[in-house]
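Following: one structure in structure tokens, then a few remarks.
The values are calculated or read from the model by the stated rules, or taken from the named source; none is laboratory data. If you're wondering where the values come from, they're calculated on a predicted model, not measured in any experiment. In this analysis, Cβ positions are derived from the backbone assuming ideal geometry, glycine residues included, and neighbour counts consider all displayed protein chains. The accessibility values were calculated without ligands, DNA or RNA, using every heavy atom of the protein model including side chains. Shrake-Rupley method; radii C 1.70, N 1.55, O 1.52, S 1.80 Å.
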Amino acid sequence: SSPGFALFGVPFAFIIMAPKKLYHRKAPKASAFKGPSRPQAPHMLFAESVRAEVQEAAKKEAEASGVKWMTLMMKKVMEKYNALSDAQKKVYVDKYEAARKQYAEDMKKWKETDDYKEFLKSTDAHNTKKKLVEAKAKIPDAPKKPPTFLTQWLADGGRAKLVAEGVEFKKMFAAASEAIKKLSAGERAALDAKVAKNKADYDAAMLEYVKTDAYKKYMSAVTKAKSGSGARTKSDLVSRYLVNKPKGPGGLSAAQHHAIQTGKKDAFAALSDAEKEEWTKKFAAAKDEHEKKMAEYMKTDEYQEYLKASKAAGVKAVGTKTLRRKASKKAKKRKVSKRSSKKASKKASKRVAKKSKKEEEEEEEEEEEEEEEE
């Protein structure tokens, strides 16, 4: 269904009609859906141990300097943390590494639950609404929506009257609603006529505006935002949909593969030629194995859902390179088979031509012999 409504058969986007709330500024948190909390960095773990000591000093300094006490506190914490020896820092680094491994395991389990699916739905809704707001911000030269009866009364002197009476801003609309109830029939009729004229002018301007390229681009952005998955980046889509994607060397080189497997950077260059050749074979075998697994994985429903989401979000999907490579291999095979069939047909035609020529020569020889005998 198209967003908005139709005026004289022309669809208007509902954003132009300015809904009260388009999206919540804060994205949903995983913790609200029983998701694991991210591990604290080493310096934040250290901050917990010295918070009580540093906090009071930071608050006193903040009162004197005017700087926020939280900023001062973190500054003092980092000064203390950077002053630690490597051995002292290692205590917090080890705690972080242990927490990070546990977080990865918890995330893997959480992604298999219904809570995670609900979290994705909520995040997608937030991101979609955010895209709608961005689309609205980009729309150029759109006619301004006309004021309502109440806002027109405020603009025509009602606001100044209420301010003079000492009405606070947050109570302005409530006071205006009460004030317009007390208008005379003549005042109400005059205001109604003004509002109706503004509305008619706006509708006429919109009828012209919807014919422009600017409006078409805007509607395209709105449609894309509403039909998209809500995910904004390639990595976001991968983490959401490709939960069971097989791992492999991907676009690495043999040297990078060696560094990952052994944990030694730049050690590949120092290997002998025989060792390099052995690692190159291992790397090629790993790539072949990964391609086989990916070929099977790309047949699953999980991957098909990912493809749909990637297409809707306008993001290039993972695995399409493998598909293109296979397609090119098939095309090459077809070309080779075509070439071979052409060659075969040429050879056959040559053989036929040779045979017919030979037969003609034999017939001529026989005719000559007959003539000599006569």
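Brief remarks on what is shown
- Total charge dipole magnitude, the stretch 45-90, about the Cα centre, Cβ charges on Lys, Arg, Asp, Glu only, Debye to nearest 20: 100
- Compactness check for the stretch 131-222: Cα Rg over 2.2 N^0.38 Å is 1.42.
- For the stretch 50-158, GluC sites (Glu not before Pro) are listed when DSSP marks them as loop and at most 13 other Cβ atoms sit within 10 Å of their Cβ; the list is GLU112.
- Solvent exposure, largest accessible area first (probe 1.4 Å, DNA, RNA and ligands not counted), of THR123, THR148, THR113: THR148, THR113, THR123
- Probing with 1.4 Å while keeping every protein chain in the model, the per residue accessible area of the stretch 84-137 equals 66 Å².
- Loop-resident sites, the stretch 60-97, for trypsin sites (Lys or Arg not before Pro), counting at most 15 other Cβ within 10 Å (DSSP): LYS68
- Accessible surface of TYR306 - all protein chains present, 1.4 Å probe, nearest 10 Å²: 0
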